[in-house]
Amino acid sequence: MVKHSQVESPREACGILVGRAKDNEVRVSRVCACRNVHSDPTVEYLVNPEDQVRIFEEIDEDNEVELLGFYHSHPGGPNGPSQIDSSRNYWPEHLIAIVSLSPEPNVSFWKWENGRFRRQEIVRERF
């Protein structure tokens with residue numbers, strides 16, 4: 001996620017998180033980079049629908065994994081959800097990872113709970 005975000009900067013990078021959630025443990029096994037097709041990709045992201053359909057089909061074919069959530073970057077923005085993220089939270093039951101690049105790369109995980117994003121504690125092996 002970090003490398004993808006750095007390569008795409010100053011555009012927002014985006015992608016899909018795949019893995020398994022079981023007994024309050026979430027394990028991301030695949031980070032699927034997608035193309036940002038938003039009309040203004042320096043301020044917002046829109047996952048390319050073709051990428052999303054392809055990855056969702058791959059998930060459907062593999063009984064070992066599920067859709068865990070999405071990620072996107074904030075090349076110069078906050079290390080957390082922005083007002084835009086809150087207003088366009090289309091998948092509230094899933095994780096959202098945000099890669100902040102400023103002042104240095106940092107990844108945070110969030111989930112929508114009780115009308116707002118709440119930070120999730122994640123054990124990080126590598127991103």
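The values are calculated or read from the model by the stated rules, or taken from the named source; none is laboratory data. All values reported here derive from a predicted model rather than from experimental measurement. Please note: Cβ atoms are built from the backbone with ideal geometry, for glycine as well, and neighbour counts cover all protein chains shown.
Within region 83-106, can one find any residue that is free of Cβ contacts under 8 Å to residues at least 60 places away in the same chain, of a type in the set (D, E, K, R), surrounded by 14 or more Cβ atoms within 10 Å (Cβ to Cβ) and farther than 15 Å from GLU12 by Cβ?
no
Taking SER73, is it part of a helix (DSSP H, G or I) and either surrounded by fewer than 11 Cβ atoms within 10 Å (Cβ to Cβ) or under 15 Å from the mean Cα position of the chain (by Cα) (or both)?
No, not satisfied.
Please tell me if VAL47 is crowded, with 18+ Cβ neighbours inside 10 Å, closer than 21 Å to PRO92 by Cβ, at pLDDT below 95 and of a type outside the set (S, T, N, Q).
no
Considering only residues that are loosely packed, with under 15 Cβ neighbours inside 10 Å and outside any strand (DSSP E or B), which ones fall in region 28-42?
VAL37, SER39, ASP40, THR42
State the number of residues belonging to region 13-30 that are under 17 Å from LYS3 (Cβ atoms) and at pLDDT below 95.
Count: 2.
When you scan region 107-123, how many residues do you find that are at pLDDT 90 or above, under 17 Å from LEU17 (Cα atoms) and not charged (D, E, K, R)?
Number of matching residues: 4.
I need the full set of residues from region 5-27 which are crowded, with 17+ Cβ neighbours inside 10 Å, free of Cβ contacts under 8 Å to residues at least 60 places away in the same chain and over 11 Å from the mean Cα position of the chain (by Cα), in order please.
GLY19
Is it fair to say VAL65 is surrounded by 15 or more Cβ atoms within 10 Å (Cβ to Cβ) and either touching a Phe, Trp or Tyr at 6+ places or on another chain (Cβ under 8 Å) or within 18 Å of ARG119 (Cα to Cα) (or both)?
It is false that VAL65 is surrounded by 15 or more Cβ atoms within 10 Å (Cβ to Cβ) and either touching a Phe, Trp or Tyr at 6+ places or on another chain (Cβ under 8 Å) or within 18 Å of ARG119 (Cα to Cα) (or both).
Just the residues that are closer than 16 Å to ASN36 by Cα and of a type in the set (A, V, I, L, M), please, taken from region 47-95.
Matches in region 47-95: VAL47, VAL53, ILE55, ILE84.
Quick check on my filter: what residues within region 79-122 are among the basic types (Lys, Arg) and either part of a loop (DSSP other than H, G, I, E, B) or touching a Gly at 6+ places or on another chain (Cβ under 6 Å) (or both)?
Passing the criteria: only ARG88.
What's the number of the condition SER87 fails, among (1) hydroxyl-bearing (Ser, Thr, Tyr); (2) under 22 Å from ARG119 (Cβ atoms); (3) out of contact with any strand residue (DSSP E or B) (no Cβ under 8 Å at 6 or more places or on another chain); (4) at pLDDT 95 or above?
Of everything listed in (1) hydroxyl-bearing (Ser, Thr, Tyr); (2) under 22 Å from ARG119 (Cβ atoms); (3) out of contact with any strand residue (DSSP E or B) (no Cβ under 8 Å at 6 or more places or on another chain); (4) at pLDDT 95 or above, SER87 misses just condition (4).
Working carefully through the options ARG20, ARG54, ARG11, find the one that is part of a strand (DSSP E or B) and either basic (Lys, Arg) or at negative phi (or both).
ARG20
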